[in-house]
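Asks: Structure below; questions to follow.
The values are calculated or read from the model by the stated rules, or taken from the named source; none is laboratory data. Treat the numbers as computed from the prediction; the structure is a model and nothing was measured. Reconstructed Cβ throughout: ideal geometry from the backbone, glycine too, with neighbour counts over all protein chains shown.
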């Protein structure tokens, strides 16, 4: 089955700096890669996603890059703010299923210091 | 426009009791997923349902766990004879279609087995 590895497990940055979180996946048939933000006591919230026919996608301060050859994808947050502090999860779909059967990474605790 | 509603938010059960977790998908969504999150881990897929049908239950333990999504009413995840290892956060997600649709998660039910 699919295996998703996420690094780092914790990330601490100063407000205004950039943050980068990286994930690798094992199933070459995977073609959908979402990123979720989870705040304490809440469910995961989709912040950005990318499909395998696209190499990069940007939404304001958030961007995701995908390298299908190397089977890795990354989340980039620029100009970080204290409200960006949360746990971030990457995920990959179970290749070939096309529906919402996702394998999640272990999560990254991002702390943005004012 | 209400999101995915899960109840109860917190559930305490003694070993051997039954736990029933409810999920009402977003309006217009007919696809429901259940995920489990153990402390400090990512989410793990359990089951995917459409109205009156289980599509994929490959992530659900074969014993004691069952799920349904009836024609009327919420989806139910049922755990019989709970054990301490069942303590976790259980998240429900919904999507408008099965294929290529982002998942929208609820805020979860936190089950504690004493």
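Asks: Just need a number here: residues in region B:47-57 that are part of a strand (DSSP E or B) and surrounded by fewer than 22 Cβ atoms within 10 Å (Cβ to Cβ).
Replies: Selection size over region B:47-57: 5.
Asks: Ok, one more. Could you please find all residues in region B:20-31 being part of a strand (DSSP E or B) and either at pLDDT 95 or above or exposed (fewer than 15 other Cβ atoms within 10 Å of the Cβ) (or both)?
Replies: B:20, B:21, B:22, B:23, B:24
Asks: Does residue B:17 satisfy the condition of being surrounded by 13 or more Cβ atoms within 10 Å (Cβ to Cβ) and either in contact with a helix residue (DSSP H, G or I) (Cβ under 9 Å, 6 or more places away or on another chain) or more than 10 Å from chain A (Cβ to nearest Cβ) (or both)?
Replies: For residue B:17, the condition - surrounded by 13 or more Cβ atoms within 10 Å (Cβ to Cβ) and either in contact with a helix residue (DSSP H, G or I) (Cβ under 9 Å, 6 or more places away or on another chain) or more than 10 Å from chain A (Cβ to nearest Cβ) (or both) - is met.
Asks: Further, regarding this structure: Among B:90, B:35, which is the only one that is under 14 Å from the mean Cα position of the chain (by Cα), closer than 14 Å to residue A:102 by Cα and buried (at least 16 other Cβ atoms within 10 Å of the Cβ)?
Replies: B:35
Asks: Would you check which residues across region B:58-111 are away from chain A (no Cβ under 14 Å), in a strand (DSSP E or B) and under 14 Å from residue B:10 (Cβ atoms) and list them?
Replies: Answer for region B:58-111, where residues must be away from chain A (no Cβ under 14 Å), in a strand (DSSP E or B) and under 14 Å from residue B:10 (Cβ atoms): just B:111.
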